[in-house]
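**Q** Provided herewith is a single structure, encoded as C-alpha coordinates, for subsequent inquiry.
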Amino acid sequence: MIEKGYIGAYLNLFLMKSAIQRIPDSLIYEMINGNPIYYKGYQEYLNGTKQIEELMGSSIVQSLIISRLLFLLQVELGVEYEILTNEIGIQFEKKSWRAADIAIVKTEEIEQVKSSNKYLSFAPEVVIEIDTKAELKDIKNPLSYYHEKTDELLKFGVKKVIWIFTETQKVLVAQKDQKWETGNWSEEVNIIGNYNIIIEDILKKRK
(Lines give C-alpha, C1' and ligand atoms only; values in the text may rest on other atoms or scores of the structure.)
Protein backbone atom coordinates (compact mmCIF):
# COMPACT_ATOMS: atom_id res chain seq x y z
CA MET A 1 0.00 0.00 0.00
CA ILE A 2 1.29 3.51 -0.95
CA GLU A 3 1.52 5.85 2.03
CA LYS A 4 -0.40 9.12 1.95
CA GLY A 5 2.84 11.13 2.04
CA TYR A 6 3.98 9.52 -1.19
CA ILE A 7 0.59 10.13 -2.83
CA GLY A 8 0.87 13.82 -1.95
CA ALA A 9 4.40 14.00 -3.32
CA TYR A 10 3.41 12.33 -6.59
CA LEU A 11 0.39 14.62 -6.91
CA ASN A 12 2.55 17.73 -6.41
CA LEU A 13 5.04 16.48 -8.99
CA PHE A 14 2.22 15.84 -11.45
CA LEU A 15 0.80 19.32 -10.90
CA MET A 16 4.23 20.91 -11.39
CA LYS A 17 4.77 19.05 -14.65
CA SER A 18 1.30 20.03 -15.83
CA ALA A 19 2.00 23.69 -15.08
CA ILE A 20 5.25 23.56 -17.06
CA GLN A 21 3.51 21.93 -20.00
CA ARG A 22 0.91 24.70 -20.07
CA ILE A 23 3.52 27.41 -20.72
CA PRO A 24 3.46 28.18 -24.46
CA ASP A 25 6.72 28.61 -26.38
CA SER A 26 5.71 32.19 -27.13
CA LEU A 27 6.38 33.02 -23.47
CA ILE A 28 10.04 31.98 -23.71
CA TYR A 29 12.13 35.14 -23.67
CA GLU A 30 15.54 33.47 -23.93
CA MET A 31 17.03 29.98 -23.85
CA ILE A 32 20.30 28.89 -22.23
CA ASN A 33 21.51 25.33 -22.71
CA GLY A 34 17.94 24.18 -23.26
CA ASN A 35 16.68 25.93 -20.11
CA PRO A 36 14.02 28.57 -20.84
CA ILE A 37 13.95 32.05 -19.34
CA TYR A 38 10.36 33.26 -19.48
CA TYR A 39 8.89 36.71 -19.97
CA LYS A 40 8.38 38.72 -16.80
CA GLY A 41 4.92 38.05 -15.37
CA TYR A 42 4.37 34.77 -17.21
CA GLN A 43 2.74 33.36 -14.05
CA GLU A 44 0.03 35.98 -14.45
CA TYR A 45 -0.74 34.51 -17.86
CA LEU A 46 -0.93 31.03 -16.34
CA ASN A 47 -3.44 32.15 -13.70
CA GLY A 48 -5.47 34.02 -16.31
CA THR A 49 -4.95 37.62 -15.13
CA LYS A 50 -2.94 38.78 -18.17
CA GLN A 51 -2.75 38.13 -21.88
CA ILE A 52 0.53 37.24 -23.59
CA GLU A 53 0.64 40.61 -25.37
CA GLU A 54 0.57 42.45 -22.03
CA LEU A 55 3.75 40.69 -20.90
CA MET A 56 5.71 41.68 -24.00
CA GLY A 57 4.85 45.38 -23.99
CA SER A 58 7.23 48.21 -23.06
CA SER A 59 6.67 51.18 -20.76
CA ILE A 60 6.42 54.68 -22.23
CA VAL A 61 9.96 55.58 -21.14
CA GLN A 62 11.39 52.34 -22.55
CA SER A 63 9.55 52.87 -25.83
CA LEU A 64 10.70 56.49 -26.12
CA ILE A 65 14.34 55.56 -25.56
CA ILE A 66 14.19 52.77 -28.13
CA SER A 67 12.31 54.68 -30.83
CA ARG A 68 14.35 57.88 -30.55
CA LEU A 69 17.64 56.03 -30.28
CA LEU A 70 16.78 54.01 -33.38
CA PHE A 71 16.09 57.20 -35.33
CA LEU A 72 19.32 58.87 -34.20
CA LEU A 73 21.41 55.79 -34.96
CA GLN A 74 19.96 55.40 -38.45
CA VAL A 75 20.73 59.04 -39.24
CA GLU A 76 24.22 58.96 -37.72
CA LEU A 77 25.46 55.58 -38.95
CA GLY A 78 24.00 55.70 -42.44
CA VAL A 79 24.25 52.73 -44.77
CA GLU A 80 27.34 51.18 -43.20
CA TYR A 81 25.27 49.64 -40.41
CA GLU A 82 21.85 48.08 -39.95
CA ILE A 83 19.98 48.77 -36.72
CA LEU A 84 17.96 45.71 -35.70
CA THR A 85 15.29 45.78 -32.99
CA ASN A 86 12.09 44.09 -31.74
CA GLU A 87 13.86 41.67 -29.37
CA ILE A 88 16.09 40.30 -32.12
CA GLY A 89 17.32 36.81 -31.20
CA ILE A 90 21.07 36.15 -31.09
CA GLN A 91 21.82 32.44 -31.46
CA PHE A 92 24.97 31.21 -29.69
CA GLU A 93 24.45 27.52 -30.38
CA LYS A 94 21.63 25.02 -30.50
CA LYS A 95 19.13 25.69 -27.68
CA SER A 96 21.07 28.76 -26.51
CA TRP A 97 20.04 32.27 -27.51
CA ARG A 98 19.54 35.73 -26.09
CA ALA A 99 17.24 38.61 -27.06
CA ALA A 100 18.31 42.20 -27.74
CA ASP A 101 16.32 45.43 -27.79
CA ILE A 102 18.77 46.95 -30.29
CA ALA A 103 21.59 45.29 -32.21
CA ILE A 104 23.97 47.23 -34.45
CA VAL A 105 25.40 45.07 -37.25
CA LYS A 106 27.50 45.79 -40.30
CA THR A 107 25.36 45.99 -43.44
CA GLU A 108 27.76 43.79 -45.39
CA GLU A 109 27.34 41.00 -42.83
CA ILE A 110 23.54 41.08 -42.77
CA GLU A 111 23.45 41.06 -46.57
CA GLN A 112 25.36 37.77 -46.61
CA VAL A 113 22.62 36.10 -44.57
CA LYS A 114 19.81 34.61 -46.62
CA SER A 115 16.37 36.02 -45.85
CA SER A 116 14.81 33.80 -43.21
CA ASN A 117 12.96 33.82 -39.89
CA LYS A 118 15.97 32.42 -38.03
CA TYR A 119 17.82 34.25 -35.28
CA LEU A 120 21.02 36.20 -35.84
CA SER A 121 23.86 33.68 -36.10
CA PHE A 122 26.79 36.13 -35.89
CA ALA A 123 27.80 38.67 -33.28
CA PRO A 124 26.53 42.25 -33.64
CA GLU A 125 28.98 45.11 -33.19
CA VAL A 126 26.93 46.56 -30.33
CA VAL A 127 23.96 45.32 -28.28
CA ILE A 128 21.80 47.83 -26.38
CA GLU A 129 19.36 46.65 -23.73
CA ILE A 130 16.76 48.82 -22.00
CA ASP A 131 15.99 47.00 -18.74
CA THR A 132 14.92 43.39 -19.30
CA LYS A 133 11.70 41.52 -19.99
CA ALA A 134 13.03 38.37 -18.31
CA GLU A 135 11.29 36.97 -15.22
CA LEU A 136 14.02 37.43 -12.63
CA LYS A 137 11.97 35.91 -9.80
CA ASP A 138 12.91 32.48 -11.14
CA ILE A 139 16.62 33.28 -10.79
CA LYS A 140 18.27 32.74 -7.41
CA ASN A 141 20.45 35.84 -7.76
CA PRO A 142 18.68 38.30 -10.10
CA LEU A 143 21.81 40.46 -10.48
CA SER A 144 23.64 37.48 -11.98
CA TYR A 145 21.22 37.57 -14.94
CA TYR A 146 22.67 40.86 -16.21
CA HIS A 147 26.26 39.75 -15.65
CA GLU A 148 25.83 36.34 -17.27
CA LYS A 149 23.97 37.70 -20.30
CA THR A 150 26.61 40.39 -20.79
CA ASP A 151 29.47 37.89 -20.46
CA GLU A 152 27.83 35.52 -22.96
CA LEU A 153 27.32 38.29 -25.53
CA LEU A 154 30.92 39.47 -25.20
CA LYS A 155 32.26 35.91 -25.38
CA PHE A 156 30.20 35.37 -28.54
CA GLY A 157 31.97 38.32 -30.14
CA VAL A 158 29.81 41.38 -29.42
CA LYS A 159 32.24 44.28 -29.06
CA LYS A 160 30.13 46.36 -26.68
CA VAL A 161 27.06 45.73 -24.50
CA ILE A 162 25.15 48.73 -23.17
CA TRP A 163 22.48 48.45 -20.47
CA ILE A 164 20.10 51.38 -19.95
CA PHE A 165 18.20 51.10 -16.66
CA THR A 166 15.03 53.19 -16.38
CA GLU A 167 14.35 52.67 -12.68
CA THR A 168 17.77 53.80 -11.44
CA GLN A 169 18.57 56.02 -14.45
CA LYS A 170 21.95 54.37 -14.82
CA VAL A 171 23.92 53.14 -17.82
CA LEU A 172 26.28 50.15 -17.81
CA VAL A 173 28.84 49.82 -20.61
CA ALA A 174 30.74 46.54 -20.95
CA GLN A 175 33.53 45.66 -23.36
CA LYS A 176 35.61 42.50 -23.49
CA ASP A 177 38.83 42.57 -21.43
CA GLN A 178 38.01 46.08 -20.21
CA LYS A 179 36.64 47.43 -16.97
CA TRP A 180 32.86 47.73 -17.02
CA GLU A 181 31.74 51.32 -16.55
CA THR A 182 28.60 52.63 -14.88
CA GLY A 183 27.31 56.17 -15.40
CA ASN A 184 24.24 58.36 -15.03
CA TRP A 185 21.73 59.40 -17.68
CA SER A 186 23.24 62.91 -17.60
CA GLU A 187 26.64 61.63 -18.80
CA GLU A 188 27.85 60.93 -22.31
CA VAL A 189 27.84 57.32 -23.46
CA ASN A 190 29.85 56.17 -26.46
CA ILE A 191 27.74 53.92 -28.68
CA ILE A 192 30.05 53.14 -31.60
CA GLY A 193 33.01 54.87 -33.23
CA ASN A 194 32.93 58.56 -32.34
CA TYR A 195 29.17 58.66 -31.78
CA ASN A 196 28.08 59.57 -28.24
CA ILE A 197 24.66 60.10 -26.68
CA ILE A 198 23.19 61.46 -23.46
CA ILE A 199 20.03 59.62 -22.37
CA GLU A 200 18.56 62.72 -20.70
CA ASP A 201 18.87 64.63 -23.97
CA ILE A 202 17.10 61.85 -25.88
CA LEU A 203 14.14 62.08 -23.53
CA LYS A 204 13.83 65.87 -23.58
CA LYS A 205 10.51 67.29 -24.78
CA ARG A 206 10.59 68.16 -28.46
CA LYS A 207 10.19 71.85 -29.24
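The values are calculated or read from the model by the stated rules, or taken from the named source; none is laboratory data. Just so it is clear, the model here is predicted, and its values are computed rather than measured. Cβ sites come from the backbone with ideal geometry, for glycine too, and all protein chains shown count toward neighbours.
**Q** Given the conditions (1) among the polar types (S, T, N, Q); (2) in contact with a Lys or Arg (Cβ under 9 Å, 6 or more places away or on another chain); (3) modelled with pLDDT under 95; (4) not in a loop (DSSP other than H, G, I, E, B), which single one is not true for T132?
**A** Exception for T132: condition (4).
**Q** Additional query: What pairs can you find where one residue is in segment 75-87 and among the aromatic types (F, W, Y), the other is surrounded by fewer than 17 Cβ atoms within 10 Å (Cβ to Cβ), and their Cβ atoms are less than 7 Å apart, with a gap of 6+ or different chains?
**A** Going by the 7 Å Cβ cut-off, the qualifying pairs are Y81/K106; Y81/T107.
**Q** Quick one: which strands (runs of 3 or more DSSP E) sit completely within segment 168-207 and have at least 2 residues that are surrounded by fewer than 12 Cβ atoms within 10 Å (Cβ to Cβ) and of a type in the set (S, T, Y)?
**A** Per the criteria, no element qualifies.
**Q** Restricting the search to segment 68-115, which residues are of a type outside the set (F, W, Y), under 21 Å from the mean Cα position of the chain (by Cα) and not in a strand (DSSP E or B)?
**A** R68, L69, L70, L72, L73, Q74, K94, K95, I110
**Q** If the requirement is being out of contact with any Asp or Glu (no Cβ under 6 Å at 6 or more places or on another chain), at pLDDT 95 or above and in a helix (DSSP H, G or I), which of these qualifies: K137, K149?
**A** Result of the check over K137, K149: K149.
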